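Taken together, the values in this text are just the output of simple stated rules run on the coordinates, not laboratory data. Only a predicted model underlies this, so the values are computations on that prediction, with no experimental measurement involved. No Cβ is skipped: glycine too gets one built from the backbone with ideal geometry, and neighbour counts run over all protein chains shown.
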Amino acid sequence: MVTTAPNNLVYERPEGFTDTPTHYCPGCTHGVAHRLVAEVLEEMGVLDKTIGVAPVGCAVFAYNYFETDFVEAPHGRAPAMATGIKRVMPERVVFTYQGDGDLASIGMGEIVHAAARGENITVIFINNANYGMTGGQMAPTTLPGMKTTSSPNGRDVETQGYPIRVSEMLSTLDGAGYVVRRSLHDPKNIRLAKKAIRIAFETQIRGLGFSLVELLSTCPVNWNMKPVDALKFVEEKMVPYFPLGDYKLSAGAAQIKI
Amino acid sequence: MPAKGWIEVSDLYCKGCELCISACPQEVMELDMSRLTPKGYHPAHIFTDGCTGCAICAIVCPDAAITVYREVTKAVPTAA
């Protein structure tokens with residue numbers, strides 16, 4: 001008879017996670033991104049020397065979910081805080097986890113200058129095209145014509161501007177070592193995202209400069225969609241506007257093999 | 001013969017978002033409408049044979065609620 005022996009195990013909740021259930025809405029891919037980070041840190045064996053920097057936004061309680069040290073940054077200032085921590089404790093692995101309202105709006109100055117200085121930090125950037133925590137307002141990454149609570153007729157680019165492609169923009173800076181965009185809308189892309197997160201942390205450990213992984217994510221509740229439909233929206237609407245790919249792959253980062 | 005697998009879904013973490021159900025390549029998952037988790041969600045479960053233990057449900061699960069097992073078909077060498 002089949003028993004639940006250790007060699008039967010294919011997959012279990014990563015050790016990098018605490019036992020706390022997340023507060024995210026059902027089907028939100030924030031949880032997938034959290035899980036990938038936890039799995040990568042566990043596989044690299046750096047859980048006990050990692051310091052995360054939580055943002056303001058939906059991921060504000062990220063410190064409850066990871067088995068690592070954590071600090072909470074003021075809105076948008078996670079890269080500045082991570083800079084200080086990494087400079088004081090260079091042997092630690094320091095990462096920030098930020099959404100688009102945090103990173104691409106109020107924190108745009110911090111992220112651009114952290115990348116320009118080539119700080120040895122890793123940034124996990126969740127792009128879900130709106131401000132999730134505060135009720136789905138328009139963010140810098142909201143698609144043209146997309147309805148949000150603060151653009152009820154759809155984003156009008158004449159008056160509200162065009163979406164910002166953060167990865168492309170940061171890739172022009174010499175301090176950036178590894179800047180890529182991935183998506184979380186299907187199992188294949190989730191696997192690719194995990195690989196990118198691994199390379200981003202390896203980039204940091206080898207001192208190759210600033211690393212950022214942008215993850216296209218869903219916000220089913222604020223998009224007024226079922227979780228499955230939200231994944232389709234990412235695939236059909238967001239990926240064409242925010243193309244997936246490696247935007248900055250420095251010579252050192254290109255040699256990292258996993 | 002395909003591998004035989006099974007899963008355990010944690011009532012503590014599952015929020016009934018159905019992402020695993022749409023991702024399951026064998027289409028053997030559904031929400032268990034006969035019971036509720038302590039949070040008030042109908043949890044996902046396997047309703048028929050056919051699970052291969054591929055772990056795709058666990059890869060898409062945003063809450064890491066799924067533990068995946070697979071039957072070991074080859075003889076495993078025992079220690080000493």
From Cα pairs below 8 angstrom and at least 6 apart in sequence, can you work out the relative contact order of the stretch B:5-70, rounded to a whole percent?
46 percent
Please list, in chain and number order, the residues 5+ apart from A:Thr29 or on another chain whose amide H is under 5 Å from its amide H, with Hs placed from the backbone.
A:Thr218
Mean Cβ-within-10 Å packing, highest first, puts peptides A:82-93, B:55-66 in the order B:55-66, A:82-93
Taking K and R as +1 and D and E as -1, what net charge do the other residues with C-beta under 13 Å from the C-beta of A:Arg35 add up to?
-4
So how far apart, in nm, are the two label points at A:Tyr162 and A:Met89 if each is 7 Å from Cα heading toward Cβ?
4.2 nm
Within 10 Å of the Cβ of an average residue in A:223-229, the count of other chain Cβ atoms is 3
Can you tell which of A:Val56, A:Val157, A:Val40 shows the greatest fluctuation in a Gaussian network model of chain A with Cα springs below 10 Å?
A:Val157
Using a Debye calculation, one point per C-alpha and no hydration shell, please list log10 I(q)/I(0) for the stretch B:5-70 at q = 0.22 Å⁻¹ in order.
-0.83
Neighbourhood charge, 13 Å Cβ-Cβ cut-off, centred on B:His42 and excluding it, Lys, Arg +1 and Asp, Glu -1
-1
List, in the order given, every pair from A:Lys49/B:Lys39; A:Lys194/A:Lys226; A:Lys257/B:Lys15; A:Lys195/B:Lys39; A:Lys194/B:Lys39 whose Cα-Cα distance in the structure shown is over 26 Å.
A:Lys49/B:Lys39; A:Lys257/B:Lys15; A:Lys195/B:Lys39; A:Lys194/B:Lys39
Computed over the stretch A:1-141, the relative contact order (Cα-Cα under 8 Å, seq sep at least six) in percent reads 21 percent
Can you check what the net charge comes to around A:Thr96, using other residues whose Cβ is under 15 Å from the Cβ of A:Thr96 (Lys, Arg +1; Asp, Glu -1)?
-2
For chain A, share of DSSP beta bridges that run antiparallel, in % to the nearest 5:
25 percent
Which whole number gives the average count of other chain Cβ atoms within 10 Å of the Cβ atoms across peptide B:16-25?
5
Ranked by Cβ crowding within 10 angstrom, fewest neighbours first, how are A:Phe125, B:Phe47 ordered?
B:Phe47, A:Phe125
Residues whose modelled amide H sits under 5 Å from the amide H of A:Thr96, counting only those 5 or more places away in sequence or on another chain, are A:Val53, A:Thr122, A:Val123, A:Ile124
Find the all-direction average of the projected area of the Cα convex hull for chain A, expressing the result in square nanometres with one decimal place.
14.4 nm²
Using helices alone, what [θ] at 222 nm do you get for chain A, with -39,500 (n - 2.57) per DSSP H run of 4 or more residues, divided over all residues and rounded to the nearest 500?
-8000 deg cm²/dmol
Inter-chain shielding of A:24-30 (mean C-beta neighbours from other protein chains, 10 Å cut-off):
5
At 222 nm, what helix-only mean residue ellipticity would chain B give, in deg cm²/dmol to the nearest 500, using -39500 (n - 2.57) for each DSSP H run of four or more?
-2500 deg cm²/dmol
Looking at the stretch A:122-258 only, what percent of DSSP beta bridges run antiparallel? Nearest 5 please.
35 percent
